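The values are calculated or read from the model by the stated rules, or taken from the named source; none is laboratory data. None of these values were measured; they are calculated from a predicted model. Every residue, glycine among them, receives a Cβ derived from its backbone with ideal geometry; neighbour counts consider all protein chains shown. These accessible areas exclude ligands, DNA and RNA; they are computed on the full protein's heavy atoms, side chains included. Shrake-Rupley method; radii C 1.70, N 1.55, O 1.52, S 1.80 Å.
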Amino acid sequence: MKLIWMTVPAAVAVAVAGCSDDKSTTAASRSSVPAETSSVSATPIENEEPADGVRIPLGETKKVPIPADAVMDIRVPVDWGAASASLRCAVTDSTGRNEDLRSTNTKKQETIGGKEWMTLWTFSSPAGAEVTVGCKDPESKLAPDDDHLIRVVPRGITPH
């Protein structure tokens with residue numbers, strides 16, 4: 001029994017020593033890049049795109065997986081203002097059928113990656129499905145120098 005009590009601390013000491021060697025090697029290899037820079041750059045990337053969100057350049061389409069218990073929001077930058085009203089979006093399921101896009105008078109706004117986004121449309125599809133989403137600016141209302149990306153982001157449904 002006493003042998004077991006002495007073996008456990010010895011194993012822990014070896015593991016800690018091994019880990020501390022890894023940290024010094026890692027720290028030495030990163031000496032040219034400050035540690036705070038890597039953590040700062042990781043935060044905006046994490047906040048830039050919600051886990052299940054998809055960024056789509058305006059004029060292109062992408063496949064978007066539908067998670068369980070969620071509706072999907074199509075979001076655009078708030079600073080597009082009135083020009084966003086001229087956008088035309090389509091959501092097509094795997095059979096080629098168009099999904100219904102729902103819109104409300106009040107546009108929900110949210111900050112993602114330090115930028116304000118508003119929900120333009122919402123749609124729903126069966127969980128596990130994959131739909132193709134794309135938006136266009138047929139009247140060319142958006143300024144040509146803007147970053148023309150939309151976001152398709154799941155929004156959880158709370159049970160009633």
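In this structure, does residue 130 turn out to be open to solvent by 80 Å² or more (accessible area, probe 1.4 Å), closer than 19 Å to residue 64 by Cβ and under 17 Å from the mean Cα position of the chain (by Cα)? Yes.
Conditions tested, residue by residue: (1) open to solvent by 10 Å² or more (accessible area, probe 1.4 Å); (2) closer than 25 Å to residue 128 by Cα; (3) assigned to a strand (DSSP E or B); (4) touching a residue at least 40 places away in the same chain (Cβ under 8 Å).
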{"site": "56", "(1), (2), (3), (4)": "no, yes, yes, yes"}
{"site": "71", "(1), (2), (3), (4)": "yes, yes, yes, yes"}
{"site": "74", "(1), (2), (3), (4)": "no, yes, yes, yes"}
{"site": "81", "(1), (2), (3), (4)": "yes, no, no, no"}
{"site": "94", "(1), (2), (3), (4)": "yes, yes, no, no"}
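Listed conditions (1) open to solvent by less than 90 Å² (accessible area, probe 1.4 Å); (2) among the small types (Gly, Ala, Ser); (3) at pLDDT 70 or above are all met by residue 38, apart from (3).
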